[in-house]
Amino acid sequence: MWNKRVFIAATVMIATTGMLSACGASGSGHDAAAPVAANKPLVDKANWPKATPQRGLAKGLSLPLEAYMQTYGDTVTLDTATRHLQEKCMAGYGFDVKLTVAGATPPPNDNDANMERRYGLTDRASAAKYGYGLPDALTDQPRQKVPSLSEAQVEVLTGHGKPTKAGADGSFVAKAAPKTYNGKKIPARGCVGYAAGKIGKPAVDFQLVSELNGRSFLESMRVPAVKKAMGAWSQCMKGKGYKAATPTESADLVPHTDPASRKEIDVALAEIDCKQQTNLVNVWFKAETRIQKQQITDHRSRLTAAKAENTKALTAAGTALKD
């Protein structure tokens with residue numbers, strides 16, 4: 001589940017840490033652990049993020065690096081196949097284990113570019129209702145119950161025992177699993193390792209594109225045309241009674257409540273209206289597009305190789321799901 005009060009305009013800054021798209025090799029991914037909400041479909045594809053924003057100032061915008069990113073649909077496919085293989089592996093040891101289902105708790109954006117809020121708020125209709133928060137469809141999501149596993153099941157699934165607290169510092173340790181269960185050899189890292197070996201782990205190869213994505217955002221803010229448009233936006237905000245040099249700062253002008261207060265909504269709308277008045281989003285997008293095109297030229301071989309690995313993993317996932 002996504003916290004609507006946390007996901008504000010500055011979310012894109014996460015990219016500067018090199019955060020990777022989740023591949024779910026351990027059966028986790030985006031999906032949370034809790035009881036399934038009543039009267040809610042577990043997986044509702046209607047709530048999955050679209051490839052590009054569908055409305056607002058960022059409608060239809062897509063940056064060059066997005067061609068090398070893992071989409072949410074890719075993530076779900078890989079997660080689903082991985083969990084299927086883990087369950088099949090567990091069944092080989094006599095365990096009927098049902099893991100959480102992938103795709104139940106979609107994120108607000110399709111990939112790490114986060115175009116919906118990359119340049120701050122851009123959707124006026126959403127801001128008029130939720131301020132800086134997320135739509136209800138993304139916050140009132142069904143949650144799943146994680147299966148309660150025995151010690152033996154944990155060992156076979158992960159290749160180690162259940163973690164136990166090791167000391168006063170709160171750290172946990174887990175003992176290695178036996179080499180066999182009922183005479184059958186346990187794979188390295190258990191069924192988790194078995195599934196990862198069958199599918200592959202392309203998320204490791206997305207570190208470069210994630211880093212470039214964050215870098216291009218920061219570099220674009222130093223482009224003269226962007227600085228000029230940002231200055232005009234800041235002056236527009238000042239004319240509306242708000243002091244903010246960047247959209248990130250405007251998000252911090254008021255406390256974020258649930259539901260959004262009138263004051264929060266007013267700031268959110270002012271941010272968007274000033275962007276429209278100054279053409280900030282388009283100027284920023286064009287500047288960053290030029291930067292990313294150069295990044296792709298400079299790193300094409302590594303980016304192409306990572307994309308190929310993702311395609312290979314998706315092919316393996318498709319094969320696994322047919323079995």
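The values are calculated or read from the model by the stated rules, or taken from the named source; none is laboratory data. The model shown is predicted, which means the values in this text are computed figures rather than measured ones. Using ideal geometry, Cβ is built from the backbone for each residue, glycine included, and neighbour counts are taken over all protein chains shown.
Contact map, segment 247-271: first residue within 16 Å of residue 281 (Cα to Cα), second residue among the hydroxyl-bearing types (Ser, Thr, Tyr) and in a helix (DSSP H, G or I), Cβ cut-off under 8 Å, separation 6 or more or different chains; pairs are 270/250; 271/250. Restricting attention to segment 272-281, the residues being surrounded by fewer than 23 Cβ atoms within 10 Å (Cβ to Cβ) and without any contact (Cβ under 8 Å) to a residue 60 or more places away in the chain number 3.
For segment 284-303, what are the residues that are within 19 Å of residue 70 (Cα to Cα) and touching a residue at least 60 places away in the same chain (Cβ under 8 Å)?
Scanning segment 284-303 gives 289, 292, 293, 295, 296, 299, 302, 303.
Of all residues in segment 132-148, which are over 17 Å from the mean Cα position of the chain (by Cα), modelled with pLDDT of 85 or more and either closer than 10 Å to residue 105 by Cα or not in a helix (DSSP H, G or I) (or both)? Selection gives 132, 144, 145, 146, 147, 148. Of everything in segment 176-227 that is charged (D, E, K, R) and assigned to a helix (DSSP H, G or I), the residue that is farthest from residue 82 (Cα to Cα) is 227. The residues of segment 54-78 that are in a loop (DSSP other than H, G, I, E, B) and under 13 Å from residue 307 (Cα atoms), listed by number, are 69, 70, 71.
Please count how many residues of segment 286-323 are among the aliphatic types (A, V, I, L, M) and farther than 21 Å from residue 197 by Cβ. Number satisfying all stated conditions: 4.
Among the residues making up segment 108-161, those that are among the β-branched types (Val, Ile, Thr) and surrounded by 24 or more Cβ atoms within 10 Å (Cβ to Cβ) are 122, 156. Does segment 229-237 contain any residue that is surrounded by 13 or more Cβ atoms within 10 Å (Cβ to Cβ) and under 14 Å from residue 285 (Cα atoms)? Scanning segment 229-237 turns up at least one residue that is surrounded by 13 or more Cβ atoms within 10 Å (Cβ to Cβ) and under 14 Å from residue 285 (Cα atoms).
Applying a threshold of 9 Å to beta carbon distances and a minimum spacing of six or more residues, or different chains, the list of pairs starting in segment 105-131 at a residue that is more than 30 Å from residue 80 (Cβ to Cβ) and at pLDDT 95 or above and ending at one that is part of a loop (DSSP other than H, G, I, E, B) and among the polar types (S, T, N, Q) reads 120/246; 131/257; 131/261.
I'd like the residue in segment 177-226 that is over 30 Å from residue 278 (Cβ atoms) and hydroxyl-bearing (Ser, Thr, Tyr) and, out of all such residues, is surrounded by the fewest Cβ atoms within 10 Å (Cβ to Cβ). Out of the qualifying residues, it is 180.
Is it the case that segment 162-174 has a residue that's buried (at least 18 other Cβ atoms within 10 Å of the Cβ) and in contact with a helix residue (DSSP H, G or I) (Cβ under 8 Å, 6 or more places away or on another chain)? Checking segment 162-174: not a single residue is buried (at least 18 other Cβ atoms within 10 Å of the Cβ) and in contact with a helix residue (DSSP H, G or I) (Cβ under 8 Å, 6 or more places away or on another chain).
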